[in-house]
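> Provided herewith is a single structure, encoded as structure tokens, for subsequent inquiry.
Derivation of every value follows stated rules applied to the coordinates shown; laboratory data play no part. Not measured: the values here are computed from a predicted model. Backbone-built Cβ (ideal geometry, glycine too); neighbour counts: all protein chains shown.
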Amino acid sequence: MDFRFGEFEIDLGQQELRRNGQPVRIEPQVFDLLAYLVRNRERIVSKDELIEAVWQGRIISDAALSSCVSAARRAIGDTGEDKRFIRTAPKRGFRFVGLVDDDASPKAGPAEDGTIAREAPAPAGTPDPTRDAEAAAVAMLVFPDKPSIAVLPFQNISGDPEQEYFADGLTEDIITGLSRQNWFFVIARNSTFTFKGQAVDVRKVASQLGVKYVLEGSVQKAAGRVRVTGQLIEAAHGIHLWADRYDRELADIFELQDDITNRVIGSVGPQILAAEAARVRRKPPQSLDAWDLVMRALPHMWRVTADEQRRAQEFLEQAIALDAEYAHAHALLGWTNVSMFNLDADRPIGEFTDKALDAGARAVHLDNEEPWGHLVLGLGHARRRRSELALTHLAKSVELSPSFALGHAGLGYAMACGGQPARGLQSLELAQRLSPRDPFLAIYAPTVQYMALFALERYEETLAVCRATAALHPNHAGAWRLMTVSLGLLDRLDEAKAALAHTLTLQPDLSSAHVEANTVFADPADRSRFLLGLQKAGLQR
């Protein structure tokens, strides 16, 4: 044995992790990461160093690295709050902290450059159990604990070989964009481009790369126009989850490439999440890990009632109990408190704001490149009328993930409440173009829209959006409040009084003092108009 810690042994020569003498099934990259951390246990190992050592410098997302670290922790039973072996140093990296016994004569040691060394190859014809084991591992790749996707090189069907650069560039941009989203494990470009120019069987490709989903497409340029098609396939059953076509005029080629990339990513992401949520619902409860629990939370987060949001919180809290450093779970927990702003009027809205800010801050502390963490922080600061801080975090959210539709909608909300309502509507329009089928956006977009329309004093349009929202979600207190305000300002007083009566059943503590303390608009003039509308409707306290 090369290293022993607790009941575990690492055998570098056999590429094997054992527990009490019995092999532990572990993916090759997870084994390499664990071995590297053990070998360098006297110091903190940065994320960049791990990527260089384990992935040989290939571009991977923070989500993929976090997934690999989580898998290593699960393999050695290191999943409680008090990490016995692998600790995270926030914003710095990881360190192995367990007590290790070194073998006096290891079969493989660190190379001079610090990367993972292997044994010298045996002479030709000599049986090689390590090579055989690796071949078997390739044949039986274990899926990562996140939805895994391979983006195959988009085919150039223009008949012009000189247009290959556009198809390749589009593929690379989609790979990079998906890698920025913490939901997904994305296969690197160097692996998927080995299939370029080949007629492929999607199921075989998925098996070889160890992925559940495959995205493929084509590019055709002719006569000043470009057509891009794409389709997303659930590989095991050959099910087409999504397909679309984009036709554009050729103007600024790079702007065009960015636009199509963001639209493809914005459409593909929600389809994968919906498929994963359905898959996880079929798993027995005893087999759920932290990622599965997040997936279990999602369908509840897409439903607009306080009870459903509380159910989502239960799953997310269970996920955090399994992995206290799971930044994405903390961020999503913060989002459920953002959703409660308009759904649970029985509790002070400031309480939800505090919880959202705390969860967002924790997520960003664990991973400063977590877009959802910055989204939640930005919306929390917007509720506190801290427009500058809100815009800073929300801009960071979409900078980290340009195709993050909900991030763009959140930016629109902060603009609408912070004195820039016209720009807020523009940001919302971009969000809806990026991801027209996004379940989160379907819930949140009306809120952004009616807040911006009110700030623009377009009360008839505000009223229409509020009524449509209340028809779908009868307990949406925010929609009923602004419906009442708009009717009052339109001098439709009988309707305003009826709306106020219903609003007070949802929010019995609504008062002038409550409006002054909690209404989100940063501009005092907007708050004054809001209060005037309620007073015209008959609010007397």
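> Over region 283-401, calculate the relative contact order: mean separation of alpha carbon pairs under 8 Å at least 6 apart, over the residue count, as a percent.
Dividing the mean separation by the residue count of region 283-401 yields 19 percent.
> How high is the relative contact order of region 184-240? Use alpha-carbon pairs under 8 Å, at least six apart in sequence, and give a whole percent.
28
> By its C-alpha gyration tensor, with a ≥ b ≥ c as the square roots of the eigenvalues, how is region 349-405 shaped: rounded for a/c under 1.5, else prolate for a/b larger than b/c, else oblate?
Here region 349-405 falls in the oblate category.
> PRE reach from ASP491 (point 7 Å along Cα→Cβ): which of region 498-541 fall under 19 Å by backbone N?
Residues 498, 529-539 fall inside that zone.
> Toward the positive end of the charge dipole of region 196-256, about the Cα centre and with charges on Cβ (Lys, Arg +1; Asp, Glu -1), which of ALA222, LEU241, VAL200 goes farthest?
VAL200
> Mind checking the dipole of region 283-401: about its Cα centre, +1 per Lys or Arg Cβ, -1 per Asp or Glu Cβ, Debye to the nearest 20?
The dipole of region 283-401 has a size of about 380 debye.
> Sticking with this one: Within the set LYS91/LYS355; LYS47/LYS196; LYS355/LYS396; LYS196/LYS221; LYS47/LYS396, which residue pairs have Cα atoms separated by over 26 Å?
Where the Cα-Cα span goes over 26 Å, the pairs concerned are LYS47/LYS196.
> First check a/c for region 283-401, with a ≥ b ≥ c the square roots of the eigenvalues of its C-alpha gyration tensor; if it is under 1.5, answer rounded, and if not, answer prolate when a/b is larger than b/c or oblate otherwise.
Note, shape of region 283-401 comes out oblate.
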